[in-house]
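All remarks here apply to the structure that follows.
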Amino acid sequence: MRSEIALVMACIGALGAAAGIGLAAAVAIPPSLANLGATVYETPTEVTIADASVSLTAPAGWVVRRPPFDGDELTLTSPDGRLEIAVTELSGGFDTAYADLVRGGDAEGAEAVTETLSSGSRTRHTELLDEEGGVVLAAVGDERGPVSAGIVARVSDASVGDYRYAIAEVLDTVRVPS
């Protein structure tokens, strides 16, 4: 009888240890996987997505993350961690891409600004403010281009105005085929 109780207690202990290890793995592994594709460049460096159909310059000191098994997007994070810029390839000209972005970002009806970048590409962008900071939604491309870049720049624990120059600097480096 005594050995049966000891065996049951040992099994319960082993199950508890296995559950603890499983919980620790569930907490530790996802952030580790996300950082597998992270790079910090010491100098401004051109990076590409979507088989090089979209390129941009990652500023020095920013973290560049690529999701595992997804070549159609990347994320840039400022050195202070308050600005995160997600870049994705979108099909069609920038008018279509912008419409998709604002629909997905609940920004329909928000005032948009359209500009020509130094590359000659066009961008249309809008700014949404919230309690945490805000978001800038932008599409970069050509009206007739086969693809455009979709940009979602999220500012946390600060105002969008504090990061407007950094966002504009990244936007100005985006290149897409025309």
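Can you compute 3J(HN,Hα) from phi for each residue in region 122-127, using the Karplus curve 6.51 cos²θ - 1.76 cosθ + 1.60 with θ = phi - 60°, rounded to whole Hz and x for Gly and Pro?
9, 9, 10, 9, 9, 10
Tell me which residues come under 5 Å, amide H to amide H, from Asp72 once H is placed; ignore anything under 5 positions away on its chain.
Hits under the 5 Å cutoff: Ala50.
Hey, can you rank 144-157, 74-87 by average C-beta count inside 10 Å, highest first? If you can, show how the numbers build up before the last one.
Working: 144-157: 20.6, 74-87: 18.6.
Top of the packing list down: 144-157, 74-87.
May I ask you to derive the relative contact order of region 54-162, considering only C-alpha pairs under 8 Å and at least 6 residues apart, and to give it as an integer percent?
Numbers: 229 pairs, mean separation 28.9, N = 109.
Computed value for region 54-162: 27 percent relative contact order.
What does the charge add up to near Asp80, with Lys and Arg as +1, Asp and Glu as -1, over the other residues with Cβ less than 14 Å from its Cβ? List each step's numbers first, then the result.
Details: positive: Arg82, Arg154; negative: Glu84, Asp157, Asp162.
Result for the local shell: -1.
Under unit Cβ charges (Lys, Arg +1; Asp, Glu -1), what dipole magnitude, rounded to 20 debye, does region 95-167 have relative to its Cα centre? Can you show the working numbers first?
On the way: 6 positive and 14 negative charges, 75 e Å.
With Lys and Arg at +1 and Asp and Glu at -1, about 360 debye.
No value in this document is a laboratory result; all are computed from the given coordinates. This structure is a prediction, so every number in the text was calculated from the model and none was measured. So basically every Cβ, Gly included, is an ideal-geometry build from the backbone, and we count neighbours across all protein chains shown.
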